[in-house]
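*Asks:* There's a structure below that I have some questions on.
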Amino acid sequence: MTRATGPSDVDEHGSLLLPTRITPWVRWLAVASLVANALLILTGGLVRLTGSGLGCPTWPRCTDASWTNTPEMGMHGVIEFGNRLLTFLLAAVAVLSFLAVLRLRRQHPDLYRMALVLGLGIPLQAVVGGITVLTGLNPWLVGIHYLISGAMIALATVLVNRTRRYSLPAVRDAERPGQAYGHRRTIRALMTALGVLSALILYLGTLVTGTGPHAGDDTSVRHTFDAYLITRAHAVPVYLIVASVVLGLVLARRHRWPVPVASGLNVLMAVLVLQALVGYYQYFNGVPVVAVALHLVGSAVLVWAAARTVEKGFAVTRTPDVVVRADDGARTAGTPARG
């Protein structure tokens, strides 16, 4: 028997830029947004570590007379202007990501909201960056500039997770809600602790950097904290998050927690160990530039690993709806949560 065709058959997926379903293009853009925002932390770190924070001494122009760096500004001008150019790449990815979920806003309003916030975060970052330059690299503003990037990486990570969960059957099944009966509160409490501790680590890390020698320019003002004490304070939440992850791994093995939670904890532990090794190396070796750069990159990876784990932990322990709408439009019965 021949099935009658209709409008949905003619335009099943929509156009590439404006799809009507979560296609590989949508998932790829989510990953691109994550990578681009992480790259901003790397280039921003290079600006600080090379003393190029005032390579372009004004904003929005690079100089009062030029939008771009000039040969007289040397390598510092090239590095700072290159960091500013990355904004255009971020903007392009953000616009494409927003268009990719525009026609999905009714079916997946959360994806639409996240893409919108990620897009709005780019001009916000540009303005904060400009104010930072105009205030001579005030360390408090530099820290805010970094923390906004961290928040955008976390949001992009959630976007990646959900585009995969909504469109890939295997992922949707593995991360289905209503799992871990009897351990829902424990898992959610652990995920909350991991999120709070990760944010605290990043915040205290900005204070350590603002106190240390790599403040972005030789003339920049630095925090007046005691370097030893602020570094020790930064280490406290690191110890706590490591202990929390170890506890989570023990409980996950003993009670057979959902695979996405256990695998997320394993990845987070690996990232924490590598970050700790780099951190201790730079502390005991006079904070060399290469080690600090690696630690900055590691901080972006830490945000990704923590956000990925926390989001999956909350997803699998969510109370499922009686009816769940799959991305392909089919309605499937959900399993009510117990306990």
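The values are calculated or read from the model by the stated rules, or taken from the named source; none is laboratory data. Everything numeric here is computed off the predicted structure, so don't read it as measured data. All Cβ positions, glycine included, derive from the backbone under ideal geometry; neighbour counts span all protein chains shown.
*Asks:* I'd like to know if the range 158-166 contains one or more residues that are surrounded by 20 or more Cβ atoms within 10 Å (Cβ to Cβ), closer than 23 Å to L294 by Cα and within 20 Å of the chain's Cα centre (by Cα).
*Replies:* no
*Asks:* While we're here: Return yes when G130 is small (G, A, S), in contact with a Leu (Cβ under 9 Å, 6 or more places away or on another chain) and touching a residue at least 60 places away in the same chain (Cβ under 8 Å) and no when it is not. Reasoning before the result, please.
*Replies:* Values: small (G, A, S): yes; in contact with a Leu (Cβ under 9 Å, 6 or more places away or on another chain): no; touching a residue at least 60 places away in the same chain (Cβ under 8 Å): yes.
For G130, the condition - small (G, A, S), in contact with a Leu (Cβ under 9 Å, 6 or more places away or on another chain) and touching a residue at least 60 places away in the same chain (Cβ under 8 Å) - is not met.
*Asks:* Additional query: Out of L200, L155, I need the residue that is out of contact with any Asp or Glu (no Cβ under 8 Å at 6 or more places or on another chain), at pLDDT 95 or above, under 28 Å from F284 (Cβ atoms) and not acidic (D, E). Which one? Working first, answer last.
*Replies:* Numbers: L155 fails: under 28 Å from F284 (Cβ atoms).
Being out of contact with any Asp or Glu (no Cβ under 8 Å at 6 or more places or on another chain), at pLDDT 95 or above, under 28 Å from F284 (Cβ atoms) and not acidic (D, E) holds for just one of L200, L155, which is L200.
*Asks:* Where in the range 1-120 are there helices (runs of 4 or more DSSP H), lying fully within it, with 1 or more residues that are at pLDDT 70 or above? Please lay out each step first, then the result.
*Replies:* Numbers: elements: 7-10, 24-49, 74-102.
Correct list: 24-49, 74-102.
*Asks:* For the range 240-264, give me the residue count where each residue is in a loop (DSSP other than H, G, I, E, B) and surrounded by 12 or more Cβ atoms within 10 Å (Cβ to Cβ). Before you say what the answer is, go through the steps one by one.
*Replies:* Step one: of the range 240-264, the residues in a loop (DSSP other than H, G, I, E, B) are 256-258.
Among the residues that remain, those that are also surrounded by 12 or more Cβ atoms within 10 Å (Cβ to Cβ) are: 257-258.
The total comes to 2.
*Asks:* Which condition from (1) at pLDDT below 95; (2) crowded, with 16+ Cβ neighbours inside 10 Å is the one that T224 breaks?
*Replies:* That leaves (2) as the condition not met.
*Asks:* While we're on this one: Which residues, taken from the range 228-239, are more than 14 Å from A306 (Cα to Cα) and either polar (S, T, N, Q) or crowded, with 16+ Cβ neighbours inside 10 Å (or both)? Don't jump to the end; show me each part of the working.
*Replies:* Looking only at the range 228-239, we keep the residues that are more than 14 Å from A306 (Cα to Cα), and these are 228-236, 239.
Across the range 228-239, the qualifying residues are I230, T231, H234, A235.
*Asks:* Condition (residue is of a type outside the set (K, R), under 23 Å from V208 (Cβ atoms), buried (at least 20 other Cβ atoms within 10 Å of the Cβ) and free of Cβ contacts under 8 Å to residues at least 24 places away in the same chain) applied to the range 280-289: is it met by at least one residue?
*Replies:* Scanning the range 280-289 turns up no residue that is of a type outside the set (K, R), under 23 Å from V208 (Cβ atoms), buried (at least 20 other Cβ atoms within 10 Å of the Cβ) and free of Cβ contacts under 8 Å to residues at least 24 places away in the same chain.
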